[in-house]
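What follows is a set of notes on a single structure, which appears directly below.
The values are calculated or read from the model by the stated rules, or taken from the named source; none is laboratory data. Quick caveat, the model's predicted, so the values are computed rather than measured. In this analysis, Cβ positions are derived from the backbone assuming ideal geometry, glycine residues included, and neighbour counts consider all displayed protein chains. SASA here: full protein model, heavy atoms, side chains in, ligands and nucleic acids out. Shrake-Rupley method; radii C 1.70, N 1.55, O 1.52, S 1.80 Å.
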Amino acid sequence: MNDNVITVDSLVKSFNGVVAVNDVSFDVSRGEIFGFLGPNGAGKTTTINILCTLLKPDSGRAFVNGYDVLKYKHEVRESIGLVFQDPSLDDRLTGWENLEFHAYVYHIPKTERKRRMIEVLDMVALTDRAHDLVRTYSGGMKRRLEIARGLLHYPHILFLDEPTIGLDPQTRNYIWNYIEDLKKREEITIFLTTHYMEEAEHCERIAIIDRGKIIAMDTPDNLKRMIGGDVIRLKTKDDNRARKEILSLFPQVEMLPDKDTISFKVSKGDEFIPPLIRGLGVEIISINLHRPTLDDVFLKLTGREIREEGMDETASLRFAPFGRPTRR
Ligand SMILES: Nc1ncnc2c1ncn2[C@@H]1O[C@H](COP(=O)(O)OP(=O)(O)OP(=O)(O)O)[C@@H](O)[C@H]1O
Ligand SMILES: [Mg+2]
């Protein structure tokens, strides 16, 4: 049975001649955590905006929860929750008031409102701070409130555009615990975008997007398998002799060009190290095991690193330690 809740077919969107989304197609099945991983300007937000009916594509089609995004805007909007990349809370209001406003916009029946607000605040552990002004919240608390707001009308699909951008690693983990918890408790599909590879690791499936095109799509493990093994780097008292010994003891290894260390590829690095230590007749100075990351996958596919491009200027301003948000 076809149980896709998102179907995207050949989407194209340009801005003033610049192609932001270039013939993108993919499906997301019910209950999946699906992520778009890509650097700044890859076309992630543009794709989300098309799926959420905020932007019209130049061509191509997209169905969300069975509804054509071009024809059934209202139905699509009712069935999704959306957490924008840019902060979108009113920080002059309390957390509770922000939720109340959303409940009103989404026509959640008055009799239901309070119960649902209590429920989502509890879900993101903000019950104690509900009646404080959002201005007094930390970055992580604000993000959690935005996620709570996105869940208030019980969406089938939750769109998260860079859910943890600009947050410290601890808060990121915290938010991910909630997302994973939520996924276990509710029948919900999650579509997210990120340029953090650690965040992409949480997804069941990811599409790597670069310059408007999907260049690979699979589970994180399968994508990393493309790299073809772990890399071991070794320093010894006599590298020339060690290199020869390794090749005769373990003819299956693939030596890599490296001037300063002995580098080679093996399929299971952790299992390879003990026999290597036992077998080698040269004293080992240091040994390092590198398992492929999604960064390596991106590098292999594009010749560039996701990180190289880092945050754009507005993003770094927005999250400058002493700065105020530049965009609302
Ligand atoms: N409203 C717009 N007008 C003009 N150009 C736009 C507009 N929105 C996006 N673009 C351009 O489209 C391209 C893709 O932008 P998009 O915001 O989708 O990227 P992204 O992958 O979300 O990047 P980031 O990681 O920085 O959020 C970029 O070149 C961007 O400058
Ligand atoms: Mg974006």
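Quickly work out the Leu249-to-Thr127 label distance, labels modelled 7 Å from Cα along the C-beta direction, and quote it in nm with one decimal.
5.9
With a 1.4 Å probe and all protein chains left in place, how much accessible area per residue does the chain have, in Å²?
51
Which is farthest toward the positive dipole end of the chain among Ser88, Asn173, Met255, measuring Cα position about the Cα centre, with Cβ charges +1 (Lys, Arg) and -1 (Asp, Glu)?
It is Ser88, whose Cα lies furthest towards the positive end.
Could you work out what % of the accessible surface of the chain is carbon and sulfur, using a 1.4 angstrom probe and leaving DNA, RNA and ligands out of the count?
Using a 1.4 Å probe with all protein chains present, the chain comes out at 50 percent carbon and sulfur.
What does the convex hull of the alpha-carbon atoms of segment 229-291 project to on average, in nm²?
The Cα convex hull of segment 229-291, projected and averaged over all directions, gives 3.7 nm².
For a quick check of understanding: with a 1.4 angstrom probe and all protein chains in place, what accessible area in square angstrom does Asp3 have, to the nearest ten?
Roll a 1.4 Å probe over it and Asp3 shows about 50 Å².
What FRET efficiency comes out for the pair Lys110/Glu271, r = Cβ-Cβ distance, R0 = 51 Å, nearest 0.05? Mind showing how you got there, number by number?
Numbers: r = 62 Å, r/R0 = 1.21.
My answer for the efficiency is 0.25.
Report, largest value first, the span of the C-alpha coordinates of the chain along each principal axis, in whole Å.
77, 46, 41
Could you work out the percent of alpha carbon pairs in segment 1-130 separated by over 23 Å, rounded to a whole number?
Across segment 1-130, Cα pairs with separations above 23 Å total 45 percent.
Out of the DSSP beta bridges found with both residues in the chain, what percent are antiparallel (nearest 5)?
Around 65 percent of the beta bridges assigned by DSSP in the chain are antiparallel ones.
So what's the angle, to the nearest 10 degrees on a 0 to 90 scale, between helix 95-105 and the longest Cα principal axis of the chain?
The angle comes out at about 70 degrees.
Grab the beta carbon distance between Glu283 and Asn16, set R0 = 56 Å, and tell me the FRET efficiency rounded to 0.05.
Here the calculated transfer efficiency is 0.35.
Suppose a student asked you for the relative contact order of the chain, using Cα pairs under 8 Å spaced at least 6 residues apart; what percent would you report?
It comes to 19 percent, rounded to a whole number.
Would you look at the GNM of the chain, springs on alpha carbons closer than 10 Å, and say which of Leu192, Leu121, Leu93 moves the most?
Leu93
When the Kirkwood radius is taken over all Cα pairs of segment 170-275, what Stokes-Einstein diffusion coefficient follows at 20 °C and 1.002 mPa s, in µm²/s?
Working: Rh = 17.3 Å.
Approximately 124 µm²/s, per Stokes-Einstein.
Rounded to whole Å and sorted largest first, list the principal axis extents of the Cα atoms in segment 108-217.
47, 29, 24
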